[in-house]
1. Within the chain, what's the longest stretch lacking GluC sites (Glu not before Pro) that sit in DSSP loops with no more than 12 other Cβ atoms inside 10 Å?
2. Of K13/K285; K13/K322; K300/K345; K235/K285; K266/K331; K173/K322, which sit over 32 Å apart, Cα to Cα?
3. Shape verdict for the range 1-114, please, from the Cα gyration tensor: rounded (a/c under 1.5), prolate (a/b greater than b/c) or oblate.
4. Taking 41 Å as R0, compute the FRET efficiency from the Cβ-Cβ separation of L170 and D84 and round it to 0.05.
5. State to the nearest 20 debye the size of the charge dipole of the chain about its Cα centre, where the only charges are +1 on K and R beta carbons and -1 on D and E beta carbons.
6. Run the numbers for K234 and Q294: contour at 0.36 nm per residue of separation, minus the present Cα-Cα distance, in nm.
7. Indicate the gyration tensor shape class of the range 234-342 (rounded, prolate or oblate), computed on the Cα atoms with a ≥ b ≥ c the square roots of the eigenvalues: a/c under 1.5 is rounded; otherwise a/b larger than b/c is prolate and the rest oblate.
8. Ratio to report: Rg/Rh of the chain, with Cα atoms as the point set and Rh obtained by the Kirkwood method; give two decimals.
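All of the numbers you see were taken from the coordinates with simple rules; none came from a lab. Just so it is clear, the structure is predicted and the values come from calculations on it, not from any experiment. All Cβ positions, even for glycine, are placed from backbone atoms using ideal geometry, and neighbour counts span all protein chains on display.
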Amino acid sequence: GVVNGFDNCPFVKNEQQWDGDGDGIGDLCDNCPSVPNNDQLDVDLNGVGDVCDNQNDRDYDGIADGRDNCPYFPNAAQVDTDGDNIGDTCDTDDDNDGFVDQADNCPLMHNLLQFDIDDNQRGDVCEYDYDDDGYDSRVDSCPLNNAIWRTSFLKHRTILLNNPREPANLLWKIHDKGQEVELNSYINGSVVLLGDDLYEGFDFNGVIHILQQEGKVMNTFYEVGIAFDYQSLKKYYLLSLQNINGLKRVAVYVSRNNGRNPANEKVLKWSSPFDWQPGSSYNLKIHRRPLTNQLRIQVKGVDGGATVDSGVLEVDQQKGGKIGLYATYTKNVIWSSLTIECNDK
């Protein structure tokens, strides 16, 4: 209802136009809502403006303690069902109906009567929609998080890891309601298409395909894969299918950025030989459990062949964050059949 020329958040609905720090940027889209910063500088691309990005993060979930609704327990998604500024992870009554969660048959939906006609320990009002987001829990990819119900990369940002301040003029095509992404531009460096949603524990499943380039020889070094637990340029993990001068493998990296070049500052956590080929499709699975520091990677050719399985790895540098699609020195890559299911068990 506010004309863009006068709207302090032209891309975010905010009819009240609140601007607590008076910097001309509405609170709902201000990366420092309590400190004036109309330049919105965010050098490490963690979503927090530089002028207020100076706090500790004691639980490693990517949310600074001063903004974290659960500062002592990792909860990157910051789910707060009843809006009391206490995250569900550390709230004993998530829906504020007077019944503690352990005794509440609908802990995410206000239900004073606690009716349960079929006596299955799930209240009638949340029988088919546990988180009250309007979507049946049987098709909801995150049934305990009312901010996510299906996987989609329609909302995203593009980050050039080699030069984050440069505009990313790349040709992306997004299909299947955000569950298939195609990269048609050549990447002279490293890029991540980063989804907007925040995840804690999750199961990722997807297919990756590098198209053959007729009449062209591909670089002797290129990578494709998935970035996950992304919190900033300095904090993320990578699952990468690599070709390094003919050496082909699957690898997992953790970032270790010192401010020079985020694409190069990463440490190998695990790798395995894997003879993958352009022109073929590969299924990627990532099982991530931040609360127990567990990670498992599985890669297999869609048409059969060997499977690479990392087994359970221990990784504890980051505990949750965003998920993105990663490529280095290549083009014509398709990520398809993308699904991410929230899972902390």
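1. Here the longest run is 16-213.
2. Numbers: K13/K285 35 Å; K13/K322 22 Å; K300/K345 24 Å; K235/K285 21 Å; K266/K331 22 Å; K173/K322 20 Å.
Correct reply: K13/K285.
3. On the way: a/c = 3.40, a/b = 1.55, b/c = 2.19.
Oblate, because a/c is 1.5 or more while a/b does not exceed b/c.
4. Once rounded, the FRET efficiency stands at 0.50.
5. About 2900 debye.
6. Residue separation times 0.36 nm, minus the Cα-Cα distance, leaves 19.6 nm.
7. oblate
8. Taking Rg over the Kirkwood Rh, I get 0.99.
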